[in-house]
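Notes to accompany the following structure.
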Amino acid sequence: QGKAVAIVLRKLRDIMKAKRAHIEALMKEVDDGMADRRDFRSPMRDGLGGNDSKCDDSGDDYVANGETKNKYAEVPIVTSLDLNALPAASKTRMRLVLSVNALSEPVSVPVMVAKGKYAGKVLGLTSAIHGNELNGIPVIHRLFQELDVDELGGTIVAIPVLNPPGFLRNTREFSDGRDLNRTFPGKPNGNPSMSYVHSILQKIVTRVDYLIDMHTASFGRVNSFYVRANMLDPETRQMALLQNPQFIVHNSSPAGSLRGMASSYGVPAITVEIGNPQAFHNNFIRMTLEGIENILCHLGMLPETVEPPSVLPVICSKSTWIWVHHGGVL
């Protein structure tokens, strides 16, 4: 019996060794494909000419053309995202109108744009397409607080709350009760959700080169920190591995999802699942931020080196929820 147990343990060790070697080979492929693109970057053109506005993230005030102004009192409302019109080496806040409600009032999303000193790729970050999924919001805020636009090559377009009606009501769905992440591509003359997601595609997704869509679990579920990505696509595979998650779930994306539609538009996209809903998980938030910084380094948008994972992720072909059949108090 002892000999049989030893044989089983040896086989398990061999399987784990083979899996580790496979993941290490994938990570090496990512490292080998990382050219130092910073050497080829050129200064970003300033589309606004003489505008010398500069935002200070340390307080509520900023100086523009010699005048002190409050950065929250004058957030512009725009109907299109014109990145070329923004000055280089700047951080800009605005509200982008995506639709109107039944009272003909604009439904807009908060947008944060960091445009680097150098030309480069455009990375999109979206959070809270389900209104009760909050962990992506502080990820975006912390990234922008730490970001030095004088070192940045390219542009980061971040939408902390992609579903404001759901966010304000602490619900997963949009104002008409539909799941936005199962409604893409939508259509301009459809129901409120359909017209809204159509605007997301036309006004946001078409403006970025890469997309990271941040989520959490839904109500009544406990989640870990993992990534959903198409591991057969070289670019999304690299993005998933660079995120350094606990798990990677390989799939092509569910029908009607933002990730799936972005991919169909030629925008490599991954979904990052960050813990549980309606709560902030500081450890997972930190890990997500580190992964995004890894991706920025890989894309040549930041000059730092990629941070390797302390523990290699487990790669799965599918995921399921485990439900309990009774409570555990008694």
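Basic side chains Lys and Arg get +1 at the Cβ, acidic Asp and Glu get -1 at the Cβ, and with that the dipole of segment 182-330 about its Cα centre reaches some 580 debye.
Principal axis extents of the C-alpha atoms in segment 184-264 (largest first, rounded to whole Å): 41, 34, 18. Distance between the C-alpha centers of segment 222-252 and segment 254-330? Whole Å please. Segment 222-252 and segment 254-330 have Cα centres spaced 7 Å from each other. Could you state, as a whole-number percent, how many of the C-alpha pairs of segment 71-206 are farther apart than 17 Å? I get 60 percent for the Cα pairs in segment 71-206 exceeding 17 Å.
Loop-located GluC sites (Glu not before Pro) in segment 222-330 (DSSP state other than H, G, I, E, B) with a sparse environment of at most 12 neighbouring Cβ atoms within 10 Å: GLU304. When segment 143-209 is described by a simple charge dipole with +1 on each Lys and Arg Cβ and -1 on each Asp and Glu Cβ, the residue from PRO160, PHE174, VAL208 located farthest towards its positive end is PHE174. Solvent-accessible area per residue in segment 153-220 equals 36 Å², computed with a 1.4 angstrom probe and all protein chains kept. Counting only Cα atoms, segment 211-330 measures 55, 31, 24 Å along its principal axes, largest extent leading.
At a 1.4 Å probe, what is the % contribution of carbon and sulfur to the accessible area of segment 98-216? The value for segment 98-216 is 50 percent carbon and sulfur by accessible area.
The values are calculated or read from the model by the stated rules, or taken from the named source; none is laboratory data. Please read these numbers as outputs of a predicted model, since none were measured by experiment. Because the Cβ atoms are built from the backbone with ideal geometry, glycine has one as well, and the counts that use them run over all protein chains shown. Surface areas here come from the heavy atoms of the whole protein model, side chains and all, with no ligands, DNA or RNA. Shrake-Rupley method; radii C 1.70, N 1.55, O 1.52, S 1.80 Å.
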